[in-house]
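Read through the structure below, which is laid out as structure tokens, and then see the notes.
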Amino acid sequence: MSSLDKKRTEFESGDLRYQGPNRVVFLAVIMLAVVGVTWFVIASRNTARIPLRWEAGTYNIGRPVSYKDNETINMVDVSNQAIGGNIILDLKAIVQKRLIYSTTPYEWNGVQKALTAYLTPSGNLVVAMSMCEPCRSQRFHITGKILICNTCGTRWLLADSRGLSGGCTQYPPERLPFSVKDGKILVPEKVVKEWVPRTLNTGMKQ
């Protein structure tokens, strides 16, 4: 039998006939699609924004702030004063320390409420409640340009509080209204006094 006749016989018997896509390749494509959809759903859930309860204060110190990638900045405890319906923090202390922690006389569920304040790389001042609401941690640190919870390790961008990774990305320290006058930061005392953690999607009770 000639080579041509042999190939014709093999084709007619199905040995050389097109059998369609390889099953392994087909299954691999399906698995990649499932993984992709799952990742998108999880990413969308973890980065969803919680509605704002207040219009956060805005203030810029007039210059950018340098944060080195390998530098860690821990919270520095500072005092505050309650005068004329405001909790007053010293702006100079925040400019010098870059990340502060300040307890208040008010409590929620047996926990003393505290404020935090820090500067973004562009020089914007952020004043917020010092709590990672899902895990209840009140302490944070900065590494590079990222704010990190000391307890759960959730990471947020300093610039806009956008969640990057971790279990509490939807709940960065809640930004508060404030004003700046004569080198002092004025936070409405009523807001801090009445503050409670935001309703959690995880089902945890306030």
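Mind scanning Lys68/Lys92; Lys92/Lys145; Lys68/Lys181 and naming the pairs with a C-alpha gap bigger than 27 Å? Check vs 27 Å cut-off fails for Lys68/Lys181. Neighbours of Asn86, meaning other residues whose beta-carbon lies under 11 angstrom from its beta-carbon, give a summed charge of +2 when Lys and Arg score +1 and Asp and Glu score -1. Among Lys68, Lys97, a tally of other beta-carbon atoms within 10 Å of each Cβ gives an order, fewest to most, of Lys68, Lys97.
Can you sort Met75, Met129 by how many other beta carbons sit within 10 Å, fewest first?
On the way: Met75 21, Met129 24.
Ascending number of Cβ neighbours within 10 Å: Met75, Met129.
Report Rg(Cα)/(2.2 N^0.38 Å) for the stretch 105-195, keeping two decimals. Before the final figure, lay out each step's value.
Values: Rg = 13.2 Å, N = 91, 2.2 N^0.38 = 12.2 Å.
This ratio for the stretch 105-195 stands at 1.08.
Net charge near Pro188: determine it from the other residues with C-beta under 15 Å of the C-beta of Pro188, scoring Lys and Arg +1 and Asp and Glu -1.
+3
Neighbour counts of C-beta atoms inside 10 Å place Cys149, Cys135 in the sequence Cys135, Cys149, starting with the fewest.
Readers should treat all values here as calculations from the given coordinates under stated rules, not as data from a laboratory. Everything numeric here is computed off the predicted structure, so don't read it as measured data. Don't worry about glycine lacking a Cβ; one is built from the backbone with ideal geometry, like all the others, and counts go over all protein chains shown.
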